[in-house]
Amino acid sequence: MLTKLRRRFVLDTMILALVILVGATALLIVASYTYGQNSAEDTMRELLTSVTPETVLVQKGEDGKPDTAELDWEALDMKDETAVMILSEDGSLLVSMTPDKTFREKISTDQEEIARMVAQEERDSGIIMTQIRYMKQPLKGIGTKVVLMDRVSELNAIYFQFRLYIVLAFILLILILLLCEFMARRSILPVDEAIRTQQQFIADASHELKTPLAVILANLDILTSSPDSTVRESEKWIDSTKSEANRMSKLVNEMLFLARSDAAMDMHYNFRLISFSDVVEEVVLTTEALAFERNISLKTDIAENSQVVGDFERLKQVVMILVENATKYVDENGTIEVKLTSAPRRVEVLTVTNTGTAIPQEKAEHIFERFYRVDESRVREKGGYGLGLSIAQKIVEKHHGEIGLAYSNENGTCFSVRLPHAQNMKAPDLTVLPESETPIG
């Protein structure tokens, strides 16, 4: 499907480019032809103006009419490929002067015919015999003055420009084709990545749902095989079924959250001015008992009056995900440190650090991918589906912040969250609501 979409994009773009190039080439050719024609006519008009009765010496015949004439060569600034003719009032040729040898040889045998054709033309300028331009004006007391110009150079220039424009258009078309192919592949990459991510998401979700479904079905088979057993006697299988159902419910809710985020659907975020310090302290308070029970040292350094514009419950979810992950992967009798500070430029920075085994570099690049877990062998022991960090990333991005792995080495593993201070939040989609309107869940 993507291949067809890419080819259709390239084809449509090439058709559009071809139309534009053909139009541009035709426009350039017409412009070049018009420029050549205007330039030739300007030259002819200038030469024609220089031909005056004073520059023409007329010799009359016995009938008193002009018989022959001579032109003053020095008075005329004639260019190559031009010729001047003087015609009598009846259209007969009195004199012809051509400085260019090639042009003179070209018209020498047809001078009378050319004179006759020009005399018969109603227009003052035009083209005769395909390759000759003419321009004529009355010459007072004598007849008509005519300027001729050879079009060979003009036509050669037009043909050369025509071939040049065609070649350039062809080269541009090839370049546009290559560029379109490159841009099409580049434009489709996000779509391709989204489709592959969706397919992988579905495959991973199906895989994750298999185990709890299998356990539930197995428990139900055991329960139905002993219809006379009491609830107390079957409590083990009932509790197992309930536990797996809760795991499935959590997984479905997490997948639904990510799917709605990907689709840019309304996630019921309730942005308002909140104390980020209160969010972090509330999460830490709920974690202290678990840390004490597991003999984990929980250290905190929470700045006061850290304010952000955000959704209290969503940000609490982010902090809870990071603290729970730290609790899962801290080493025995290890230490977890939760620190909240206000960095320069009014940025609130939360760091959650735990001691323990470092995350390998090759795996650290994938920890925010969905269903990705660093240690697959400890999945059932630690619980979870590898969606927590993906959810946290979506929430932080919605709050115009950043989340990432700060470091993971022999000193421990540290995740950081950076959120803009409330004074920096001026986005039009953020609405500050009263404390009483805090959303629940």
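Readers should treat all values here as calculations from the given coordinates under stated rules, not as data from a laboratory. Note that the structure is a prediction, hence the values are computed from the model and not measured. Methodologically, a virtual Cβ is constructed for each residue, glycine included, from the backbone with ideal geometry; neighbour enumeration extends over all protein chains shown.
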Residue span Arg232 to Ala157: 0.36 nm per residue of separation minus Cα-Cα distance leaves a gain in nm of 16.6 nm
Stretched fully, the stretch from Asn409 through Asp278 gains (0.36 nm per residue minus C-alpha distance, one decimal, in nm) 44.2 nm
Relative contact order of the chain (C-alpha contacts under 8 Å, at least 6 apart) in percent is 11 percent
For the pair Ser342 and Leu256, the simple spin-label estimate (label points 7 Å beyond Cα toward Cβ) gives in nm 3.9 nm
Taking trypsin sites (Lys or Arg not before Pro) as exposed when in a DSSP loop with at most 13 other Cβ atoms inside 10 Å, the chain has its longest clean stretch at 141-231
For the chain, longest principal axis from Cα atoms; helix 312-329 axis from its Cα atoms; angle between them, nearest 10 degrees, is 70 degrees
Nearest 10, in degrees from 0 to 90: the angle of helix 152-225 to the longest Cα principal axis of the chain is 10 degrees
Rh (Kirkwood, all Cα-Cα pairs) for segment 52-150, Å, reads 13.6 Å
Per the charge dipole of the chain (beta-carbon charges, Lys/Arg positive, Asp/Glu negative, Cα centre), the residue among Ser226, Phe292, Val215 reaching farthest to the positive end is Ser226
Which of Leu419, Leu175, Leu389 fluctuates most in a GNM of the chain (C-alpha springs under 10 Å)? That residue is Leu175
Excluding residues fewer than 8 positions from Lys250 in its own chain, the lysines with Cα under 20 Å of it are Lys210, Lys242, Lys316, Lys328, Lys382, Lys394
So, with points 7 Å from each Cα along the Cβ direction, the Ile222-Glu365 label distance in nm works out to 4.4 nm
With Cα coordinates, the longest principal axis of the chain makes an angle with the long axis of helix 2-50, in degrees rounded to 10, of 30 degrees
So for R0 = 35 Å, FRET eff. of Glu54-Thr130 from the Cβ-Cβ r, to 0.05, ends up at 0.50
The size of the Cβ-based charge dipole (Lys, Arg +1; Asp, Glu -1) of the chain about the Cα centre, to the nearest 20 debye, is 1160 debye
Rounded to two decimals, the Rg over Rh value of the chain from Cα coordinates and the Kirkwood Rh reads 1.47
Full extension between Ser249 and Asp90 adds, at 0.36 nm per residue less the Cα distance, a length in nm of 46.3 nm
So for R0 = 56 Å, FRET eff. of Asn270-Ile166 from the Cβ-Cβ r, to 0.05, ends up at 0.30
Assertion target for Thr102, Thr55, ordered by fewest C-beta neighbours within 10 angstrom first, is Thr102, Thr55
Among Asp311, Asp228, Asp278, the residue with the largest mean-square fluctuation in a Gaussian network model of the chain built from Cα contacts under 10 Å is Asp228
In terms of the charge dipole of the chain, which places +1 on Lys and Arg and -1 on Asp and Glu at the beta carbon, the residue among Ala169, Gln131, Leu76 farthest towards the positive end is Ala169
